[in-house]
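The values are calculated or read from the model by the stated rules, or taken from the named source; none is laboratory data. Computed from a prediction, not measured in an experiment: that's the story for all the values here. All Cβ positions, even for glycine, are placed from backbone atoms using ideal geometry, and neighbour counts span all protein chains on display. Accessible surface is based on the protein model in full, side chains and every heavy atom, while ligands, DNA and RNA are left aside. Shrake-Rupley method; radii C 1.70, N 1.55, O 1.52, S 1.80 Å.
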Amino acid sequence: MSTMKLQKLCYYSQGWHLAWEGEPLFNARIEAWRLGPVVRELYAYHRLESSVDSWEKGDASQLSRAERSVIDDVLAAYKNMSGLQLSELTHQEEPWLKARGASHPAASSNREVKISDMETHFRALAQEALD
């Protein structure tokens, strides 16, 4: 998959885990980059690559049943979207917009997408789905 898509799926996994489980899926900071949310720590591992075919970091067997369930649901929901489509989607959402503030759309930024903003946003989306 493209590294852009990987980044956005990590963002959505974090957001939906916050909404459904009430706690972060991972502790790494998410930043509001020009093309959407980016986990800088993850970016450091793939920064010279345009796609990721395998991943040696981490151990999926260490995920809880709830963590695996959220990730599986996110993959199922967003699997048909490209990295660019996911990027465009994040540009319409409050957490990224709030972190970017008044920054010009083409400007670089390393402002944090706050966990609290993500939790509020994704909980509201979850509630809308139930209503």
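T3 sits among other residues whose Cβ lies under 12 Å from its own Cβ, and their net charge, with Lys and Arg +1 and Asp and Glu -1, is +1. Find which of M118, L42, L18 sits farthest along the positive direction of the dipole of the chain, computed with +1 on the beta-carbon of Lys and Arg, -1 on that of Asp and Glu, about the Cα centre. Checking the options against the dipole of the chain, the answer is L42. Taking only the alpha carbons of segment 1-111, we obtain Rg and Dmax values of 13.8, 41 Å in that order. For segment 1-108, the per residue solvent-accessible surface stands at 60 Å², with DNA, RNA and ligands left out and a 1.4 Å probe.
I'd like the trypsin sites (Lys or Arg not before Pro) in segment 10-93 restricted to DSSP loop residues with at most 15 other Cβ atoms within 10 Å, sorted by number.
On the way: sites: R29, R34, R40, R47, K57, R65, R68, K79; in loops: R29, R34, R47, K57, K79.
Filter output for segment 10-93: R29, R34, R47, K57, K79.
Full extension from E23 to T120: what is 0.36 nm times the residue separation minus their Cα-Cα distance, to one decimal in nm?
Full-extension gain reported as 33.7 nm.
Surface composition of the chain: carbon plus sulfur atoms contribute 50% of the solvent-accessible area (1.4 Å probe, protein chains only, all chains present). Does segment 50-131 classify as rounded, prolate or oblate by the C-alpha gyration tensor (a ≥ b ≥ c root eigenvalues; a/c under 1.5 gives rounded; else a/b over b/c gives prolate, otherwise oblate)? Oblate is the answer for segment 50-131, as a/c is 1.5 or above yet b/c matches or exceeds a/b.
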